[in-house]
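A.B. asks: Before I ask anything, here is the structure I am working with.
What follows is calculated from the coordinates using simple rules that are stated; it is not laboratory data. Treat the numbers as computed from the prediction; the structure is a model and nothing was measured. All Cβ positions, even for glycine, are placed from backbone atoms using ideal geometry, and neighbour counts span all protein chains on display.
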Amino acid sequence: MNEEFIEFLAKEGALLFGDFTTKSGRKTPYFVNTGQICSGKGLAGLARFFAGKIKETGAPPIIYGPAYKGIPLAVATSISLSVDFGIENSWLFNRKEVKAHGDKGAFVGRLPKEGEEVVLVDDVFTTGGTKYESVELLESMGAKVKALIIGVDREEKGEEGNQNAVGEFVSKTKIPVHSIAKTREVFEHLRGKEVGGKVYVTEEMYSLYEKYRGEYGS
């Protein structure tokens, strides 16, 4: 368990507790949003965790981040791989809307050659909807997605039944998924623990998490 990463997310405000709705429509008492980390120091710290995980799993030539939150994550991770680990590579992200003027491409960054490996980075995995879209997009360019690196695996059921969403994704795409932390680890580590002078997971919040996990957990 990466306790340092978990506490980093909490102190940076990327772990949110309250009443949220995920993209898949599930009502959840917690939310992971690395988009909250918008300072230079914070983003550099986040990128080091992702770069470290990519180094462990074998760094490919290109880091891809889906628009919008994946854009700064991919760029910063590429920088961290170079500065912190001495691994040179490039970054790439997509546009939500293709430009009608100037550079009219659907992508910004270094485009992969046919069969070239790319690693996909994103902050969280719930049911994997946007991940499937990203894989389809990259493979349509001829790229080979080597792995998906995520900050937090929410450990939830997929949209097609009771199978774990990550397992479902791996089964369908044959792409390995590596998470820096899992939701269960986040709540177990932060439960009643004071981090930076604050308790992020109270017994009440832990109870709400357990209830949610009972409904959607895998």
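A.B. asks: Which one, Tyr216, Thr202, Ser90, is farthest towards the positive end of the dipole of segment 3-216 when Lys and Arg carry +1 and Asp and Glu -1 on their Cβ?
C.D. replies: Of the candidates, Ser90 comes out farthest on the positive side.
A.B. asks: Specify the residue with the greatest mean-square fluctuation among Leu73, Leu46, Leu137, computed from a Gaussian network of the chain linking alpha-carbon atoms under 10 Å apart.
C.D. replies: Leu137
A.B. asks: Measure nothing fancy, just the Cα-based angle from helix 70-85's long axis to the longest principal axis of the chain, in degrees from 0 to 90, nearest 10.
C.D. replies: Computed tilt is about 80 degrees.
A.B. asks: From the list [x] 23, 21, 17; [y] 29, 20, 16; [z] 33, 21, 15, can you say which value of semi-axes √(5λ) of the Cα gyration tensor in Å was derived from the structure given?
C.D. replies: Label of the calculated value: [y].
A.B. asks: Treating the beta-carbon of each Lys and Arg as +1 and of each Asp and Glu as -1, no other charges, what is the dipole magnitude of the chain about its Cα centre, to the nearest 20 debye?
C.D. replies: Its charge dipole is roughly 400 debye.
A.B. asks: Within straight cross-link reach of Lys193, meaning Cα distance under 24 Å, which lysines are found once same-chain residues fewer than 8 apart are removed?
C.D. replies: Within the straight-line limit of under 24 Å, Lys193 reaches these lysines: Lys11, Lys182, Lys211.
A.B. asks: Do the sum for the chain: with -39,500 (n - 2.57) for every DSSP H run of n ≥ 4, divided by all residues, what is the mean residue ellipticity at 222 nm, to the nearest 500 deg cm²/dmol?
C.D. replies: When only DSSP H runs of four or more count, the value is -12500 deg cm²/dmol.
A.B. asks: Just for segment 3-216, what percent of DSSP beta bridges are antiparallel, to the closest 5?
C.D. replies: Of those bridges, close to 35 percent are antiparallel.
A.B. asks: On a C-alpha basis, how far is the centre of segment 132-160 from the centre of segment 1-79 in Å? Whole number, if you could?
C.D. replies: Distance between centres, Cα-based: 15 Å.
A.B. asks: Quick one: work out the % antiparallel among DSSP beta bridges in segment 129-210, nearest 5.
C.D. replies: In segment 129-210, approximately 35 percent of DSSP beta bridges are antiparallel ones.
A.B. asks: As an exercise, use a Förster radius of 41 Å and the Cβ-Cβ distance of Glu203 and Asp84 to find the FRET efficiency, rounded to the nearest 0.05.
C.D. replies: After rounding to 0.05, the efficiency reads 0.60.
A.B. asks: Sequence neighbours fewer than 8 away in the same chain don't count; with that in mind, list the aspartates and glutamates whose C-alpha is under 20 Å from Lys113.
C.D. replies: Glu88, Asp103, Glu133, Glu136, Glu139
A.B. asks: For Glu117, which sequence-distant residues (separation of 5 or more, or a different chain) have an amide H within less than 5 Å of its own amide H, given hydrogens modelled in the peptide plane?
C.D. replies: For Glu117, the qualifying residues are Lys144.
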